[in-house]
Every structure is written in structure tokens, then in C-alpha cells.
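What follows is one structure encoded as C-alpha cells, with my remarks underneath.
The values are calculated or read from the model by the stated rules, or taken from the named source; none is laboratory data. Since the model is a prediction, treat every value here as computed from it, not as a measurement. Every residue, glycine among them, receives a Cβ derived from its backbone with ideal geometry; neighbour counts consider all protein chains shown. Remember, those area values only see protein heavy atoms, side chains included, never the ligands or the DNA or RNA. Shrake-Rupley method; radii C 1.70, N 1.55, O 1.52, S 1.80 Å.
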Amino acid sequence: MPLVLVIGDLHIPHRHHALPAAFKKLLVPGKIQHVISTGNLCTAAEYQYFKSLASDVHVVKGDFDEVTTYPEQKVVTIGQFRVGVMHGHQVVPHGDKASLAMLQRQLDVDILVTGHTHRFEAFQMGSKFFINPGSATGAYGGFRDEENVPTFVLMDMQRSGVTTYVYQLVNDKVKVEMIKFQKPQLTDSSSGGGGGGAAAAGADATMTPTPAPTPVPRDTPALSAEVNFLLRTLERGVPRSYIDVMPVEPPQLYWKTRAYLDEGAFDPFGNRVELDSIIAVQERTLTNMGLNLYDGSLWQIALCLEGLCDFADIYERNVLYPSTTGANKDIGGIIDIRGDSQQYKYGAKQVAGSALEKVPLPGNVTRVPAKDGIPEERAVKDIAGAFFYRMIAPKYAMRDPLLGDYSNSFRTPYPNNDTTTKWNRAGMLHMNDWKPITGENVWAAIIGPLQKLVIKNATRGGVRKFKTFEEAPDEVQLALSILPALVEMVSPLGSLYHCPAGTEMFPPDPDEKTNVSNENNISGYAAVRMLYELLHNRTDGAPTDARLVRALAQVKHIYVEMHKWFMSEHLAGKINGTNIVYQGGHISFDGVYEPEPLNGTAGYAVDCQTWVLATLGAKAYDGKYGAGAAYDTWQKVKELSGYYSKDGALGGVGYTYADPKLPRSDRVWSGEWSYGAVLLARTLAADYRAAGDSAKAAALDADADSMVAEMDKPMQRCDNLKWCGGGLKQEDGSYLYANSRFFISWGWYANPIGATSSTAWKIFTDHHYHPFVLGGNYTAGSPYPAPAPF
């Protein structure tokens, strides 16, 4: 029967110089048929050693592996058993049995192998078996003070059961213990013992019979591929916006494929730049390790819709509430993830981030402030109510999947003249995207948390009522924590400013402090409407403490001002006679608006059409621009930016003007933005149906159905791994951010890799969920209605 070596967490050469000699003596080439490793080999040399032991080697990626092409998780079938493998740093809390059981159900495996804790463990829950082989070198794991015992495991896979031998190096002597597991539904009294496993390892073991476990029914159905992808993005408490390893066999790092290398790196103006330039390195590191806070909020809502609200809470409570990804200088993290320094000046009054009104941290948490990057001794419970940075990561130190930990382009003073990192003479890669953007903040602090709050309380009698700040749900407290900044960012015309001065937008905007974006605005409008409805409804319009009274008045003021903006003449211009919502422009501090011209790619944004129309609805938009105006705007979007399959079916949309020289089947196709177009089509269809216009409703329903059907098709890959047709669904069930590499005019890159945003929007679509409406109902409105303040 097959003999399987289960081994991991070697950490060679960083924490231990080599595998113990006593272990190497036992591991005889030719005796072992399979190797399963939980990762953290750290170098490719250890992988080659495993290949010398067995031809069939399965390795998953650990959080310190230098080889970036290992998959995050893997399922292999050996004999009668499905074996799931994951390193284990993704399991929160680490080694928690309930979390491991959830992972086992997601992977639908008989045996789950994980590592990370550096401590051997084997146990049975119900009809499933769980193994942690520990650390084969006894490397320090950071979980306990005592010295770890080097361990590995051999599994003797039989027809109906598995005999597991754990090898431990204690006082330079190898000790062997045995555990048996039988698969209940295949119990066979004629099955032999596991003596072959002990013999192959060169050690003796005495077999003892183990009673067969009693099968238990599955308590939850297997999670979908989309949910599994979202769960895999969580690393060190922070979800990621992308997974940049292509789910092919063998897995391929996107940055080392033709899909990236043929296009290369380029600046916002389309000029090619070196692969080791700051622009190129920053894109790869942020894509590989970073989280855009908008994506984080989508991640929360989608998981909550799938019944995993408690899992979604992990990120919110441990990152957003204390406003940090870690303050211990030895372990690392970003000490402060808010733009609360003197560098940032908010709104027309140019209020410094540090001078904004103090707010209590939500959830009764504390945080450790820092000075010059060094954590202070004291902890605080009140902070300046500033915006979060749009991008965060678990660590301040970053790693480029191509270059590693260093790049010459990051060296100071030359070639990088960043005066804030004068210390970085070695060119260490580090987080350097410190941009507190309005749109990401209203999603991260308001829309995501409040929608999650409503979903998880839908079966618990609803969100509880409250009269004071202390009684308010933690999610409401989080929303109020950015209110001081939001108040300052209201422009004289009612729009929200895009970012404070000092943000250093990309591409650069010399007058960034007056920049406005209607993508930000519609997100802000939906967010303050949700917050106003919840505050007013759950306090009966009469909070009793001064903080909540002031907050309700401020939220009402912003809501009224933003409604004024969306009802003004400044919202839209025309393209060939059709109303098109401006992407944005600039509003001076004395109230003069200069929109970005619609005849350029920076002035016309598809998501400003889809999100604005889906949020305002046909009644309001048509009431402003005339009967059928919303429908006409959508027809123009399809003409300018629609993606169509080769047989002429509408698949979705791109980002801005499509290249008119290209066939419609060769246009850029965005997963996330196309699902936003589905939201638009479904919303307008419901509105026109209610208004008695069945023809427009039927046409819009057909568009929505066509886009969903086309995106749901499996993608086709060329031999060079580029997208070659089909839909946007990858082999692992995730959805591409886009079908090809493309620079988006407003400051980021689209890449054909699995995206949290696209995959979360797919879940919204399956649930017929409207994220811009509190509670997500297309037609019923908010479950917590409040009288309109205008």
C-alpha cells in the first residue's frame, strides 16, 4: 500500500541549517511513494531533496517560502482517500479545531493536513482525520517559549484505513508512535495492518486495533468555489485583493508568464518602464500582498451572504477597529493605517489629519501610537477621526514576487529621493502607498460593516435599538470613526472631495485637494444614506448622548448636501446627444466646477454610469433628464465600452472607451465592472417594469442574463496562459479582474488574475443583492426606513 511522507516547516536555512541527520537516515529513497509538504521549506533545494525520495511531491505555499509558485492549497487523491493540504497560517485562530473542521468541509476531504504551529498533532473529528506533522527541524515558530521537538509523519495508506506513524527526535533519539484511522463507509475487516510503513522508515512499531469511528452527517453543505477563493485570500488577518498565482497545473506565477511579460510594465501615460522600476515593483508587491479597502468590504459582505459573518468579522475587529496591522517592531506590521498626520489637509478648511476631532476607537479596543515609526509604551482609546489609507498590507516590509526583498529603485537618496525614507540605503521594499481616498473609506468603514451588521442580524430580530454611542453596535461606531474627516470633505456644491491634500495621487494631480470623483460620490451617497437610516431608525430619531446627537446631525447634513449634488446640473454631460455621468473633475473651494471632458478616457468612466444609475434608479434619473434617459445611457455604454462574444452575445463592459479599431470580441472585459453593469440592468428593469414599460424591462433583463451567462463560462487559456476566449471563470472557480492587462486611467492596473472584487460581485449577483441599498433588496428598500431629510 502507498507510503506517504508528511513533512513541513523546515525553515532552512533561516531558522535551522538542515534536516536532522537521524531523520535523513530513516528516509530511504524508493520506499516512499508520495511526499506531502505543508510548506515553509523556504528554498528550492529542499523541494529537490523531496523529489529524490519520491517522484510524486505535493507542496503548498507557506508564509515564508521563497518559491512563489506553490499553490495556497491542494487536494490529492491517494487510494480511497481525498487528502487536503494547506500550510495553516490562513487558519484563524492558528490550529483551532473548529476552523480546521470548516476548512475540511470546504475542501470536502477525508484527511486534512496543515502545519504552521510547529507542533505535531493528530486527531479525529466525526469521520474525518486531521494531521499536523509539526516542524521537521524543530524550528522556532513564535507560538511558545519552549524548544520545539523535530517531527515528521509517515502515513501507510491502506484500503480502508490509514496507519500514521509520528517520528520525534527527543534527546538525539528517534521515537515512534502510531495512530490508526479508518474510513467508516469503507470499513473492511480483512484489511491488513500497517507494518510496511514502520519497516520502510527503519523503525519498529506494534500494531494495536482501533475501533472504527461512528460516521456523523455533514452539518453544512460544501462551500462554493467562489467562497473558497475568498477564504484563501486571508493571510495574517488581512484579505488580499488578488491571488496572482494562476490555478493551472503546475501553478504559474502571473508575473512570469507571457500575459504579463508581453505587455510589461508601463507608466500612466503608456510608456514602457523597466521591470525593476518603482512603478513596476510597487504594482507587483501591492497586487501580491496588498488589500484595497474597497475589496475588503466586498469580501466581508460576500462571506456574510454565504453564512460566514463570523469569519468576516476577523478582519474588521483585528485590523479596522484598532487601525493597525501590527505595532510590534520585531514581528512587523503597519503601525498606523490612517491618514492622521500633519501631511494630510482635509477639505476646504485644510484641516490637518492630526487636528481632526477625536473619536473613540470602535469595539472598545485600544491601539499603540507611534512616533517616527517606533511604537510608544502607552495605549490609547481615542484617535483623530481621519480616513484610512486606501491600501494596506499585513507587513510594512514588502516582497516583490520577482525581485524579493530589495530593489535598487527603492534606495535613497538615489535613485529614490523620498525624504521620508532616508534610512533606506539598502533599497528594502516597503509599503509606500499612503493614500487616504474617500471612496475606499466609505466602503471600508460604512458600507461593508453596516451591510454585514444587517445581514447577520436578519435572523436575530434585527439590529438592536440604541440611544448612546456606547450602546451602538461596533459597526456603527466604526462608521462614525471617519465622520470628522467626511464632514470636512464636503465641497461647496455638495460633492465629496476625492482625497486630502498631501495624498500624492497616481497619476499625479497638481490640484488633488479639489479633485472630485463620481465613483467616490455615489459610494459616499449610498454610505451616508445607510448610516442616516440606521441611526435615525434605531434611535427613533432621538439619541440621548451628545456624541450621537451630533453624529446624527452631521450625517443628515452630508446626506442633504450629496442629494443636492446628484440633483444638480453638474452630474452629467452629453456624448453624441446622450446623457453621460462625468467621471469627475475639480471643484474649487469657492464652488466653481470644472468637469473632466467626456471626450477623453479620464472623463468617461463606465462604473460612474453603472453605479450612479443603479443607486439613483430610473425614476430619479429619468425625472431629471427625461423619459427613458437611464435606458439610453446604458445603450450608449454598451456602444462605447461593451464586450461581446464572437457569436455576438453581450458579455459585459470594460473601463472606458474601447479601441474603435478592435472587434467587439477583442475589447477589454472587466469582471468586477461587468457585474456592476448587471446590477444596473436588473435595477433599471425593475424600475421600468414598475412604471409599466415592459419592453425596456425585458431588454434590460435580457442584457443582465446574457452578461451573467457569458461571465460564468470557463475561461479558455492559450498555450502561453493568456486569456483566449470563453468566460471569466478560472479553473479554481474565481473570476478574473479583466481578460487582459490594461492601465485604468484613474490610478491602477487591471490584470487577468483572480480578484476578490470580481468574485465577491459574482456572489452578490447570485444572491440578487444590491450593495448600495441597506439590506441589499432591489425593490423593497431599506429594512430600517427613515424619513428623507430633503
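Going through region 558-610 one residue at a time, which ones are among the hydrophobic types (A, V, I, L, M, F, W, C), over 30 Å from VAL359 (Cα atoms), touching a residue at least 40 places away in the same chain (Cβ under 8 Å) and not in a helix (DSSP H, G or I)?
MET567, LEU571, ALA572, ILE575, ILE580, VAL581, ALA602, ALA605
Residues that are modelled with pLDDT under 95: list the strands (runs of 3 or more DSSP E) wholly contained in region 689-790 that include at least 2 such residues.
742-744, 748-750
Charged (D, E, K, R) and touching a Leu at 6+ places or on another chain (Cβ under 8 Å) - does that describe any residue in region 407-430? No. Taking region 407-438 as the range and being in a helix (DSSP H, G or I) and crowded, with 22+ Cβ neighbours inside 10 Å as the test, the residues that pass are PHE410, THR438. Per the listing VAL528, VAL555, VAL487, the residue uniquely open to solvent by 30 Å² or more (accessible area, probe 1.4 Å), under 22 Å from LEU774 (Cβ atoms), among the aliphatic types (A, V, I, L, M) and touching a residue at least 12 places away in the same chain (Cβ under 8 Å) is VAL487.
Sub-6 Å Cβ pairs linking a first residue in region 215-240 that is more than 16 Å from MET86 (Cα to Cα) and modelled with pLDDT of 90 or more to a second residue that is of a type in the set (S, T, N, Q) and open to solvent by less than 20 Å² (accessible area, probe 1.4 Å), at least 6 apart or interchain, are GLU226/THR759; PRO239/THR233; ARG240/THR233, ordered by first then second residue.
GLY676 meets all of the listed conditions (1) within 24 Å of ILE447 (Cα to Cα); (2) at pLDDT below 95; (3) within 21 Å of the chain's Cα centre (by Cα) but one, namely (2). Among all positions in region 734-757, there is at least one residue which is under 28 Å from GLY600 (Cα atoms), among the basic types (Lys, Arg) and either surrounded by 19 or more Cβ atoms within 10 Å (Cβ to Cβ) or touching a Cys at 6+ places or on another chain (Cβ under 9 Å) (or both).
Only a single criterion out of (1) open to solvent by 10 Å² or more (accessible area, probe 1.4 Å); (2) under 30 Å from LEU531 (Cβ atoms) is not satisfied by LYS452, namely (1).
Has region 633-644 got any residue that is outside any helix (DSSP H, G or I), among the hydroxyl-bearing types (Ser, Thr, Tyr), farther than 14 Å from THR765 by Cβ and modelled with pLDDT of 95 or more? There is at least one residue in region 633-644 that is outside any helix (DSSP H, G or I), among the hydroxyl-bearing types (Ser, Thr, Tyr), farther than 14 Å from THR765 by Cβ and modelled with pLDDT of 95 or more. Residues that are within 14 Å of CYS608 (Cα to Cα) and either at pLDDT below 95 or open to solvent by 10 Å² or more (accessible area, probe 1.4 Å) (or both) were ranked within region 499-525; the one that is nearest to the chain's Cα centre (by Cα) is GLU519. Can you run down the residue pairs with Cβ atoms below 9 Å, 6 or more apart or on separate chains, where the first is in region 299-313 and of a type in the set (D, E, K, R) and the partner is open to solvent by 10 Å² or more (accessible area, probe 1.4 Å) and assigned to a loop (DSSP other than H, G, I, E, B)? Here the result reads GLU306/LEU223; GLU306/SER224; GLU306/HIS767, each pair linking region 299-313 to a residue that is open to solvent by 10 Å² or more (accessible area, probe 1.4 Å) and assigned to a loop (DSSP other than H, G, I, E, B). If the condition is being in contact with a strand residue (DSSP E or B) (Cβ under 8 Å, 6 or more places away or on another chain), open to solvent by 30 Å² or more (accessible area, probe 1.4 Å) and in a loop (DSSP other than H, G, I, E, B), then region 30-60 contributes LYS31, GLN33. Scanning region 497-522 for residues that are part of a helix (DSSP H, G or I) and either without any contact (Cβ under 8 Å) to a residue 12 or more places away in the chain or not β-branched (Val, Ile, Thr) (or both) yields a count of 6. For region 365-390, the candidate set comprises residues that are open to solvent by 20 Å² or more (accessible area, probe 1.4 Å), touching a strand residue (DSSP E or B) at 6+ places or on another chain (Cβ under 9 Å) and part of a strand (DSSP E or B); within that set, the residue that is nearest to ASP63 (Cα to Cα) is VAL380.
Looking across region 700-711, just one residue is in contact (Cβ under 8 Å) with a residue 24 or more places away in the chain and surrounded by fewer than 18 Cβ atoms within 10 Å (Cβ to Cβ), and that is ALA709.
Filtering region 612-645 down to residues that are open to solvent by less than 30 Å² (accessible area, probe 1.4 Å) and among the polar types (S, T, N, Q), which residue is nearest to THR683 (Cα to Cα)? So the residue we want is THR615. Among residues of region 253-267 being at pLDDT below 95 and in a strand (DSSP E or B), the one that is most open to solvent (accessible area, probe 1.4 Å) is PHE266. Restricting the search to region 165-198, which residues are modelled with pLDDT under 90, assigned to a strand (DSSP E or B) and open to solvent by less than 50 Å² (accessible area, probe 1.4 Å)? Correct list: MET178, LYS180, PHE181, GLN182. Looking at this structure, is TYR70 part of a helix (DSSP H, G or I) and open to solvent by 10 Å² or more (accessible area, probe 1.4 Å)? Against the criterion (part of a helix (DSSP H, G or I) and open to solvent by 10 Å² or more (accessible area, probe 1.4 Å)), TYR70 does not qualify.
With respect to (1) assigned to a loop (DSSP other than H, G, I, E, B); (2) out of contact with any His (no Cβ under 6 Å at 6 or more places or on another chain); (3) under 16 Å from SER37 (Cα atoms), the lone exception for VAL149 is condition (3). For region 133-155, the tally of residues that are modelled with pLDDT of 90 or more and open to solvent by 10 Å² or more (accessible area, probe 1.4 Å) stands at 3.
Just to verify a result, which residue in region 666-690, among those that are open to solvent by 20 Å² or more (accessible area, probe 1.4 Å) and out of contact with any helix residue (DSSP H, G or I) (no Cβ under 7 Å at 6 or more places or on another chain), is nearest to TYR778 (Cα to Cα)?
Going through region 666-690, the residues open to solvent by 20 Å² or more (accessible area, probe 1.4 Å) turn out to be 666-668, 682, 686-687, 689-690.
In the following step, the residues that additionally are out of contact with any helix residue (DSSP H, G or I) (no Cβ under 7 Å at 6 or more places or on another chain) were identified as 666-668, 686, 690.
Details: ASP666: 33, ARG667: 30, VAL668: 28, ALA686: 8, ALA690: 12 Å.
Result: ALA686.
Summed over region 712-721, residues that are more than 15 Å from GLY648 (Cβ to Cβ), open to solvent by 60 Å² or more (accessible area, probe 1.4 Å) and within 24 Å of the chain's Cα centre (by Cα) total 1.
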